[in-house]
Amino acid sequence: SPDLYPTIPEGTRLLGITIDNGLCTVDFSQEFLDNHPGGSAGELMTLGSIVQTLKQFDSIDKVQILVEGRIGETLGHVLLDEPLE
């Protein structure tokens, strides 16, 4: 639909994904941070869409987001230092 917008920033690449004991670790490229349009609502929509999509799978309880292999980056107002539920 032309009325819908992607929640993952343009140019973002998935560098890796692992699942271990209910924790899904997702590693995105730097574009995940650099190309995000910002705003609290947009940040929550981006993270919510990732977490809710992955938690549809029974083997996933929590999602840890990395950027270029680093933990603890900040997406605008949200610190990505702990797994999201």
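The values are calculated or read from the model by the stated rules, or taken from the named source; none is laboratory data. These numbers were taken from a predicted model, which means no experiment stands behind them. Virtual Cβ from ideal backbone geometry, glycine too; neighbours counted across all protein chains shown. With ligands, DNA and RNA removed, areas are computed over all heavy atoms of the protein, side chains included. Shrake-Rupley method; radii C 1.70, N 1.55, O 1.52, S 1.80 Å.
Points to keep in mind about this one:
- Remark: pairs (first residue in the range 24-50, at positive phi; second residue open to solvent by 30 Å² or more (accessible area, probe 1.4 Å); Cβ separation under 9 Å; 6+ apart in sequence or on different chains) = 38/76; 38/77; 39/76; 39/77.
- For residue 78, the stated conditions do not hold, so it cannot be described as under 12 Å from the mean Cα position of the chain (by Cα), among the aliphatic types (A, V, I, L, M) and at pLDDT 95 or above.
- Residue satisfying condition, being of a type in the set (Val, Ile, Thr), modelled with pLDDT of 95 or more and not in a helix (DSSP H, G or I), within set 19, 50: 19
- Flag: residue 27 does not match the condition of being assigned to a loop (DSSP other than H, G, I, E, B), of a type in the set (Asp, Glu) and at pLDDT 95 or above.
- None of 25, 18 is hydroxyl-bearing (Ser, Thr, Tyr) and surrounded by 15 or more Cβ atoms within 10 Å (Cβ to Cβ) except 25.
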